[in-house]
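What follows is a single structure, written as structure tokens, with notes after it.
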Amino acid sequence: MTESTSRSRTILVVGGGISGITAAVEAAEAGHDVVLVERSPTLGGRVAQMNRYFPKLCHPTCGLEINYQRIKKSKRIKVFTMASVASVKGAPGGYAVTVRTRPRYVRPNCTACGDCGRAATTEVANPFNYGLDKVKAAHLPHPMAFPMRYVIDPAVAATAEGRAIEAACPVGAVNLDDAEGSFELEVGAVVWATGWRPYPADKLTAYRWSEMANVVTNVEMERLASPDGPTKGRIVRPSDGAVPKKVALIQCAGSRDLNHLAYCSRICCLASMKHAAYVREQIADAQVDVYYIDLRAHDKLESFVQRVKRDPQVRFVKSKPARIEAGAGDNPVVCGENTLTREVYAEPYDLVVLATGMQAATAEGEVPVFAPDLDDYGFIFPESGAIAAGVASGPLDVSMSVQSATAAALKAIRAVSA
Amino acid sequence: MSHVPTPTQTYDLSFARWVYGHVDGGDRLALCMQCGTCSGSCPLGPQMDFGPRKLFMMIRAGLKDQVLGSNTIWNCVSCYNCVVRCPRQVPVKHILQSLATVAVREGYPGARETDNARFAKAFWWSAAKYGRTDERLVTAKFYFSYGLSKGYRKSMANLAIAKGMVKARRMHLGLPHKCKNAGELKLILARAAEIEARHGDAS
């Protein structure tokens, strides 16, 4: 450890998902100053994109709401959205951090009235719904956004449309001169809560997600089932909007596979149980087939699997499907070998959901990470001394991420108190 | 090729361990997690008695005679679907073909008489003799391995295809093509056989 000239007791949390939020509020409530930096326009991360949590099928909005309240009540947390870490120099106790910001074009006095969205004409792909639909170039990131503030797409900022959006704002919150910027921070500890992204389904060529509309991923299924999603919560086939009567859930789509993610992503089995529950709640006569190698439900989650297994309309097929073929009427045909019966099957479905795994956001260099060492899969290597919270350290579900983030907050407190 | 152990009791891993150590690609066989991707990917899967996945479990179970007597090892057409899709990167095709060789060497009943064994033998005869495969000679040797009358009938049944191939210049009528230095090829093959024999003794 190099001797730093100045010591800071401030904790920087990188990433504003459930883990980053948890680490920030835990550290702040223990009496430490926290700076929370989030790349996107809002906090909430992947959790905000979930319809429900397993195993109790409760709504993530309530957990987020509680945590947003904790942030608002705390005088010690400073939140920066649309901001990413550009460089980190120093050692535990004294880091010099450069943060780069992107323009939002909307000032804090925005009341989220929506007049700017109505004035906008251009539509852009909606990242909140994984591109399943489009939003206006001036939009609220999602109904649970924090801060509750609109964002304007840079593509329209310097156009006549941008000026129309500005004119539409009744409180003068639009600032078309907003620009990229950067600022420096002195912090004593850095908590990396950089999270994950779904493994890119286009790489699973045998499952033909890119070509077939009715093959979707598990994260897209969450959006289809969400009341604030592209279909207002109705589970329908993307090709024709029909209600699917026969649904296949394919486990280990890219996980436990040396050609893709070599590790088990841990959450997909339970996420698929949840998807079986969504379909069976909405569509009384639907048949759901779960294709699995083996179901991995750790400790208390086993009872949820047993609950789903009691449903006679949910069938479990022990098989990793070999490929998906195009059938009549845009129906994907799932092909493989049932390993219990040795039967080679080719089964048509209305809708196929691929349980794609969790890839570290720090894998493949999309997020620049300065201090921590990464393991072979891009997760932060715990022995490196870096403090990782949640999925930045490895695949975890939400409750385990919260535990991990609380532990990370304690490690950060120890680092700044030394 | 060293002695292939015959399991005598339940949970006897001697055969499985022999396969891990002696069969091409066998060192990755222990990684198989029985997911079924190989058997599901196989264009000949429905024709196979066991399919690769079940065959691999049978190896672990010590079912030597059923494994080496199966038609699964002879039905592989080397399409490599299983090899590219296997999540554990088990070289399924290498293992099946290597086991087929073991079945012939160990004199498993019927192994030499399968279509694939006959064709492989005819193919190797041409490759080793000329350093090239001559379509006419390989097919003739393959067909007549079934005996004179059966060979004649098979040849006549495929005459139209042969004519078409000649017309399309995919089959020629002159002397067989040869590689440039057939003598050196023989030396290379003799050396390979020597190395193989030594390898078998050592293990």
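The values are calculated or read from the model by the stated rules, or taken from the named source; none is laboratory data. No experiment lies behind these values; they were computed from the predicted model shown. Positions of Cβ are generated from backbone atoms using ideal geometry, with glycine treated the same way; all protein chains shown enter the neighbour counts. Just the protein is used for accessible areas: all its heavy atoms, side chains included, with ligands, DNA and RNA removed. Shrake-Rupley method; radii C 1.70, N 1.55, O 1.52, S 1.80 Å.
Over chain A, what relative contact order in percent results from Cα pairs under 8 Å that are six or more residues apart? Kindly include the intermediate steps, with their values, before the conclusion.
Working: 939 pairs, mean separation 78.7, N = 418.
The value is 19 percent.
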Chains A and B, summed buried accessible surface - 1.4 Å probe, Å², nearest 100 = 1500
ask   = Once phi is turned into θ = phi - 60°, what whole-Hz ³J(HN,Hα) does the Karplus curve with 6.51, -1.76 and 1.60 give for every residue of segment B:85-99, x standing for Gly and Pro?
value = 8, 3, x, 9, 6, 7, x, 3, 4, 4, 5, 4, 5, 5, 5
key: Where segment A:1-129 is the region considered: accessible area per residue in Å², 1.4 Å probe   = 45
query = Anyone know which of A:L12, A:L340, A:L140 comes out most mobile in the 10 Å Cα GNM of chain A?
reply = A:L340
query = Which shape class, rounded, prolate or oblate, goes with segment B:1-117 when its Cα gyration tensor gives a ≥ b ≥ c as root eigenvalues, a/c under 1.5 marks rounded, and past that a/b bigger than b/c marks prolate?
reply = oblate
inquiry  = Counting only other residues whose beta carbon sits under 10 Å from that of A:F381, what net charge do I get with K and R as +1, D and E as -1?
reply    = -4
message = So, R0 is 51 Å and r is the distance between the beta-carbons of B:H177 and A:R315; what FRET efficiency does that work out to, to 0.05?
response = 0.35
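Students sometimes get this wrong: rank A:T22, A:T98, A:T61 by accessible area, probe 1.4 Å, all chains present, largest first.
A:T61, A:T98, A:T22
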task = Summarise the accessible area of chain B (1.4 Å probe, protein heavy atoms) by the percent that is carbon and sulfur.
result = 58
ask   = Between B:E113 and B:M165, how many nm apart are label points set 7 Å from Cα along the C-beta direction?
value = 2.6
task = Would you mind computing, in nm to one decimal, how far apart the modelled labels at A:L132 and A:D299 are, each placed 7 Å from Cα along Cα→Cβ?
result = 3.2
task = Would you mind working out the magnitude of the charge dipole of segment A:134-210 relative to its Cα centre, with +1 at each Lys and Arg C-beta and -1 at each Asp and Glu C-beta, to the nearest 20 Debye?
result = 600
ask   = Using Cα pairs under 8 angstrom and six or more residues apart, how large is the relative contact order of chain B, in percent?
value = 18
query = Distance from the Cα centre of segment B:55-92 to that of segment A:1-77, in angstrom?
reply = 51
remark   = Note: probe point = Cα of A:V171 + 7 Å toward Cβ; backbone nitrogen < 11 Å; residues of segment A:68-111 passing the test are A:107-111
request  = Read phi for every residue in segment A:17-30 and hand back ³J(HN,Hα) as whole Hz from Karplus 6.51 cos²θ - 1.76 cosθ + 1.60, θ = phi - 60°, with x for Gly and Pro.
outcome  = x, 4, 5, x, 4, 4, 4, 5, 5, 5, 5, 5, 5, 8
With at most 10 other Cβ atoms within 10 Å, longest stretch of chain A clear of loop trypsin sites (Lys or Arg not before Pro) (DSSP) = A:76-231
remark   = For A:E281, the accessible surface traced by a 1.4 Å probe with all protein chains present amounts, in square angstrom to the nearest 10, to 110
note = Under a Gaussian network model of chain A whose springs join Cα atoms within less than 10 Å, the largest fluctuation of A:N259, A:N67, A:N218 belongs to A:N259
request  = With a 1.4 Å probe and every protein chain left in place, work out the accessible area per residue of segment B:14-105 in Å², rounded to a whole number.
outcome  = 37
task = Would you please classify the overall shape of the protein assembly as shown from the alpha carbon gyration tensor, given that a ≥ b ≥ c denote the square roots of the eigenvalues, rounded means a/c under 1.5, and beyond that prolate means a/b larger than b/c while oblate covers the rest?
result = prolate
note = So, with points 7 Å from each Cα along the Cβ direction, the A:R163-A:Q282 label distance in nm works out to 4.4
task = Please tell me which of these pairs span more than 26 angstrom C-alpha to C-alpha: A:K274/A:K300; A:K89/A:K411; B:K121/B:K178; A:K72/A:K134; A:K75/A:K411; A:K56/A:K134?
result = A:K72/A:K134; A:K56/A:K134
Kirkwood-Stokes translational diffusion coefficient of segment A:40-116, alpha-carbon pairs, 25 °C, 0.890 mPa s, µm²/s = 156
query = In peptide A:336-342, how many Cβ atoms from other protein chains are near each Cβ within 10 Å, on average?
reply = 6
ask   = Quick one: Cα centre-to-centre distance for segment A:291-321 and segment A:112-160, in angstrom?
value = 39
task = Take the alpha carbon gyration tensor of segment A:115-168, find the square roots of its eigenvalues, order them as a ≥ b ≥ c, and report rounded if a/c is under 1.5; if not, report prolate when a/b exceeds b/c, else oblate.
result = oblate
remark   = Sorted by chain and number, the residues with a modelled amide H under 5 Å from that of A:L36, at a separation of 5 or more or across chains, are A:V13, A:K78, A:V79, A:F80
request  = Roll a 1.4 Å probe over the protein heavy atoms and report the accessible area of B:C86 in Å², nearest 10.
outcome  = 20
message = With a 1.4 Å probe and all protein chains kept in place, how do A:T205, A:T194, A:T406 rank by accessible area, largest first?
response = A:T205, A:T406, A:T194
remark   = Listed residues B:L148, B:L68, B:L175; largest mean-square fluctuation, Gaussian network over chain B with Cα springs below 10 Å, found at B:L175
message = Less than 15 Å from a label point 7 Å out along the Cα-to-Cβ axis of A:D240: which backbone N atoms in segment A:320-342 qualify, by residue?
response = A:327-333
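Tally the DSSP beta bridges in chain A and give the antiparallel ones as a percent, rounded to 5.
Details: 34 of 66 bridges.
Percentage antiparallel, nearest 5: 50.
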